[in-house]
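What follows is a short report on a single structure.
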Amino acid sequence: MATLEVKDLHVEIEEEKDQTREILKGVNLTMNTGEIHAIMGPNGTGKSTLSQTIMGNSAYHVTQGDILLNGESILDMPVDERARKGLFLAMQYPAEIQGVTNAEFLRAAINSRRPEDDQISVMAFLKELDKNLELLDMSEEMTERYLNEGFSGGEKKRNEILQLLMIKPSFALLDEIDSGLDIDALQVVSKGVNSMRGDNFGSLIITHYQRLLNYIVPDVVHVMMGGKIVKSGDAELAKKLESEGYAGLRDELGLDVSLVDDNR
Amino acid sequence: MKSAVQDYEAIKASVEAAANEHGEPHWFVDRRLAAIDAMQDLALPQVQRYDYHRWPLMDNMDLSWHRSDKALADSVPAATDQIRFVQVGQTTVAINLPDELDEQGVILTDIFSAFREHPRLTEKYFMDKVTKADENKLTAYHQAFLNAGVFLYVPKGVTIKQPIEAYLIQDSTVKQAMVSHVLIVAEEDSSFSFIQHLNTKGDEQNAASCMVEVLARANSNVHFSSVDELGEHTYSFLHRRANLSRNARFDWAIGVVNDQNTLGDFTSELIGEGAHSESKVIAVTTGKQSNGINNRVVNKGKHTVANISQRGVLLEKSELVFNGIGDIIHGASGANAEQENRVLMMSDQAHGDANPILLIDENDVIAGHAASVGQVDQNQLYYLMSRGIDKEQAQRLVIRGFLGPVLEDIPLPEVRQEMIEVIERKLEDGQHFK
Ligand SMILES: Nc1ncnc2c1ncn2[C@@H]1O[C@H](COP(=O)(O)OP(=O)(O)OP(=O)(O)O)[C@@H](O)[C@H]1O
Ligand SMILES: [Mg+2]
């Protein structure tokens, strides 16, 4: 079993030169493999910031607290090392890279986890690739195209899940993997994530819609507001939020947080 | 300076003797001698914002004949039924031309055999129609000291599906300049692609003067790619020029990945109405290397289309200057010339420049340019690294992405792959010395 712990995490971003703003204001979260956690919360509250900080994006500065993977702090590790240790982030806005095929990229990612003298064979790679393409209802042609280049929004999301299935991390952070997906694609993507479920896999799913959580049923649901996790519960919490909205929860908890909607 | 003139007289005498010993036709020997005369007054080619006048590009003024060891061509990938020309130094190692092309009148032979066996074609076309010996000092030097090369002639209406590959290997096991000429004549309605590989074997310091002339007649369709991979002891001058007649289509796809200083001067001249040329160049520089590249298109004919796209990557303390020159001549109404010159700086000690130069003497045209000098896209780098790929490999992949638009254009997948590998190797070397 692997564990990912976020302890009293404070994160700042640099908005302009010498102008910083604190986005995360003391996040605490512990998850183990075998568990699926969901994070919901209003726009701009710091959900993507949390996932990017865990992954190691250098735009986000940790000013206080720690992130531990199996008890070891990862704050000093570069992004690639964190990835090789078992973290994966399906990004809200995946990058496009012309000239590098999807298949070549996937092989490089897999091989980066293997010793120099034991790289994956072409046969083994293609076998695994075909299996996952089928699961995600993707055509082989997608893997010969350049990485995310010209992919539709939905294709990009599917491609993030394909990477997840190929790389097999211990923890996957999925940032709005459902946004922009049609209903069929939502089911396909959920099927992909569910196929990973098991003792050696944990996931933190960021979403705005309870609907996704009907397909990927979470063990724990967290609500984030104003840069903190303000409430955690089971799958029912997501349903409650869907019907009552964030303002209701905020008032119930007596929080002093402004929501984008309040300005309307 | 009296002594210099005397030197030139002595050089002429020895060149004449060597050319005669080589059994060259009179017209060509005369041209050599005229070029030596011309050299004395001609200036070096102009490359804006770039200084190369101290390079040893013409140190070797000795014309002599040397048989090279064929084993130096062992690194050329084995061929079964490719169309091939392989030359090491001055020695032609292999010519592979299918019989049916021979029967259709296609000529693929070394340049000196061509002078002897096809005088009518070569006297008319060699450095006379497309490029001239008296263009500058370096072109005159080339004419005077020519010692290697290949001639390709594709008759009217002939389409060659398979690409024609030329491996031109500099023999630097001996002290001798490589003065090599590729002359291509594409007659009306012909269609083919030509791929050139330049390499060096041996560690002597030698210059290379490599020229390409392409005459693309009306309605012909010619694609030229080159993987330039000359060695670390070779200062090179690469002069390449194409002339396009009416409705001809001619493209360059050039990868400049030499290991020493390179002066590149590439031009497409669109003379006939409706001609179209795409000129794509990639360059990668490492160490203390310096590359200066002029990529020029000249719109002369009406409704001609000439685009330039250049991408360069600089590592360590290297220098790279890309000049994109768009020259639209008066009368070329309806012409279209777009250019894009981009360089990527992988080191803050490198010096890169991307200069669009537009010379437009006609109103009814469309012309535009984009240029940039930038750093690696951090977002792309982060994305790749977030999948476990280490920083150096991720950088190389991002660079590949940056070069993508030009790599794309190389017609043969194997050559594209070769280019990628050469670039990758060069980048790796550059990264390790950082
Ligand atoms: N790289 C960045 N540079 C500048 N500001 C940033 C950056 N990343 C996040 N922010 C700011 O931090 C705040 C939190 O953003 P974040 O993307 O984490 O929110 P979110 O909860 O994921 O929102 P959404 O639901 O809209 O995706 C926002 O105000 C955002 O503008
Ligand atoms: Mg977000």
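Remark: pairs (first residue in the range A:40-55, in a helix (DSSP H, G or I); second residue within 9 Å of ligand 2 (Cβ to nearest atom) and open to solvent by 10 Å² or more (accessible area, probe 1.4 Å); Cβ separation under 9 Å; 6+ apart in sequence or on different chains) = A:47/A:176; A:48/A:92; A:48/A:176; A:51/A:92.
Residues are listed down the side, and each one gets a yes or a no for (1) polar (S, T, N, Q); (2) more than 30 Å from residue A:112 (Cα to Cα); (3) touching a Lys or Arg at 6+ places or on another chain (Cβ under 9 Å); (4) within 14 Å of another protein chain (Cβ to nearest Cβ):
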position	(1), (2), (3), (4)
B:351	no, yes, yes, no
B:367	no, yes, no, no
B:391	no, no, no, yes
B:407	no, no, yes, yes
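So which residues in the range B:369-389 are facing another protein chain (nearest Cβ under 7 Å) and not in a loop (DSSP other than H, G, I, E, B), if there are any at all? Hits for the range B:369-389 are B:379, B:380, B:382, B:383, B:385.
Before we move on, is residue A:216 of a type in the set (A, V, I, L, M, F, W, C) and within 16 Å of ligand 2 (Cβ to nearest atom)?
On the way: of a type in the set (A, V, I, L, M, F, W, C): yes; within 16 Å of ligand 2 (Cβ to nearest atom): no.
So residue A:216 does not fit the description; no.
From the residues in the range A:24-80 that are open to solvent by 40 Å² or more (accessible area, probe 1.4 Å) and among the polar types (S, T, N, Q), which one is nearest to ligand 2 (Cβ to nearest atom)? Top of the filtered list is A:43.
Consider residue A:44 carefully, then state whether it is more than 14 Å from chain B (Cβ to nearest Cβ), over 15 Å from the mean Cα position of the chain (by Cα) and within 11 Å of ligand 1 (Cβ to nearest atom). Show your work before the answer.
Numbers: more than 14 Å from chain B (Cβ to nearest Cβ): yes; over 15 Å from the mean Cα position of the chain (by Cα): yes; within 11 Å of ligand 1 (Cβ to nearest atom): yes.
Here the answer is yes, as residue A:44 does meet what is asked.
Scanning the range A:59-84 for residues that are within 14 Å of chain B (Cβ to nearest Cβ), outside any strand (DSSP E or B) and out of contact with any Pro (no Cβ under 9 Å at 6 or more places or on another chain) yields A:59, A:74, A:77, A:78, A:79, A:80, A:81, A:82, A:84. The C-beta contact set for the range B:403-432 (first residue farther than 13 Å from residue B:314 by Cα, second residue among the aromatic types (Phe, Trp, Tyr), distance under 9 angstrom, 6+ apart or interchain) comprises B:404/A:146. Residues that are over 13 Å from the mean Cα position of the chain (by Cα), open to solvent by less than 40 Å² (accessible area, probe 1.4 Å) and more than 16 Å from ligand 1 (Cβ to nearest atom) within the range A:167-188 comprise A:167, A:185, A:186, A:188, listed in sequence order.
Just so you know, in the range A:134-184 the residues that are without any contact (Cβ under 8 Å) to a residue 12 or more places away in the chain and small (Gly, Ala, Ser) include one that is farthest from ligand 2 (Cβ to nearest atom), and it is A:139. Taking the range A:94-208 and the strands (runs of 3 or more DSSP E) fully enclosed by it, the elements with 3 or more residues that are within 30 Å of residue A:43 (Cα to Cα) are at A:171-175, A:202-206. Considering B:279, B:236, B:209, B:245, the condition of being under 19 Å from residue B:297 (Cβ atoms), out of contact with any Pro (no Cβ under 6 Å at 6 or more places or on another chain) and open to solvent by less than 10 Å² (accessible area, probe 1.4 Å) is satisfied by B:279 alone. Scanning for something open to solvent by less than 10 Å² (accessible area, probe 1.4 Å), within 30 Å of residue A:253 (Cβ to Cβ) and within 16 Å of ligand 1 (Cβ to nearest atom), does the range A:189-202 turn up at least one residue? Within the range A:189-202, none of the residues are open to solvent by less than 10 Å² (accessible area, probe 1.4 Å), within 30 Å of residue A:253 (Cβ to Cβ) and within 16 Å of ligand 1 (Cβ to nearest atom).
The values are calculated or read from the model by the stated rules, or taken from the named source; none is laboratory data. Remember, it's a predicted structure, so these values are computed and weren't measured experimentally. Neighbour counts are summed over all protein chains in view; Cβ atoms, including those assigned to glycine, are modelled from backbone coordinates with ideal geometry. Accessible surface areas use protein heavy atoms only, side chains included; no ligands, DNA or RNA. Shrake-Rupley method; radii C 1.70, N 1.55, O 1.52, S 1.80 Å.
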